[in-house]
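Please read the structure below before turning to the comments.
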Amino acid sequence: MIQVRAAAEVVSAVDVLALDRDFGEALGRGAVAILAYAAVGVLLLVAGYYAIDLATPGRLTTIIRTDRNPNATLLAACGVFAVALIVVAAIWASGGRLIEGLLSTLVFGAVGILAQVVASFVFDKLGGFDIRGLVHEPKLQPAAILLGSTHLGIGLVTAMAVI
């Protein structure tokens with residue numbers, strides 16, 4: 001509290017800073033929304049990683065951590081980034097209401113992840129790429145770069161479809 005004028009009139013910080021009376025409440029709601037969307041986003045990213053792991057021959061975590069395979073790492077990184085694009089689009093498209101926004105982000109995010117995995121799988125098969133062999137090659141292969149870029153492109157297309 002700040003004392004202003006000689007008559008000992010007490011003025012709140014909101015008055016001194018000329019802030020809207022609802023500013024504090026809006027700030028609190030916004031902070032809660034950020035935390036809620038971040039939690040949903042992380043949940044979807046983890047789900048997306050496991051979906052990519054299921055669609056890739058072998059256990060990605062083992063191939064990346066133990067074998068330190070650059071091809072598997074590139075494909076997983078591109079896949080997770082593609083999922084992140086979809087999640088961001090789902091959040092963007094969710095609107096202003098928190099509960100409805102979180103639910104639509106979950107639904108659009110999950111459908112987007114499914115679309116990403118299916119589209120990537122189809123492209124990999126149609127392209128005739130041996131993913132199983134690729135993720136066990138010890139050196140970075142051009143096919144991994146192509147597939148990683150393609151997975152990012154599919155993620156971007158899917159993200160735009162969500163919007």
Is there a residue being of a type outside the set (D, E, K, R) and closer than 19 Å to VAL46 by Cα anywhere in segment 122-132?
-> no
Being without any contact (Cβ under 8 Å) to a residue 60 or more places away in the chain, under 30 Å from ALA26 (Cα atoms) and loosely packed, with under 14 Cβ neighbours inside 10 Å narrows VAL87, VAL42 down to just VAL42
What residue, of LEU19, LEU45, LEU27, is more than 21 Å from LEU146 (Cα to Cα), not β-branched (Val, Ile, Thr) and not in a helix (DSSP H, G or I)?
-> LEU19
Return only the number of the condition from (1) part of a helix (DSSP H, G or I); (2) at pLDDT 85 or above that ARG68 does not satisfy.
-> (1)
Does PHE129 fit the bill of being over 23 Å from PRO57 (Cα atoms) and among the aromatic types (Phe, Trp, Tyr)?
-> no
Residue list for segment 107-130, filter: over 15 Å from the mean Cα position of the chain (by Cα) and either surrounded by fewer than 18 Cβ atoms within 10 Å (Cβ to Cβ) or under 13 Å from PRO70 (Cα atoms) (or both) = VAL118, PHE121, VAL122, PHE123, LYS125, LEU126, GLY127, GLY128, PHE129, ASP130
Over 23 Å from ALA144 (Cβ atoms) and either of a type in the set (Lys, Arg) or not in a helix (DSSP H, G or I) (or both): does that describe GLY96?
-> yes
Apart from one, (1) at pLDDT below 85; (2) more than 24 Å from ILE113 (Cβ to Cβ); (3) not β-branched (Val, Ile, Thr) all hold for GLY30; the odd one out is (1)
Looking at segment 131-145, which of its residues are touching a residue at least 12 places away in the same chain (Cβ under 8 Å), surrounded by fewer than 13 Cβ atoms within 10 Å (Cβ to Cβ) and not in a loop (DSSP other than H, G, I, E, B)?
-> ARG132
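The values are calculated or read from the model by the stated rules, or taken from the named source; none is laboratory data. Note that this is a predicted model, so its numbers are computed, not measured. When we count neighbours, we look across all protein chains shown, and the Cβ atoms used for this are built from the backbone with ideal geometry, even at glycine.
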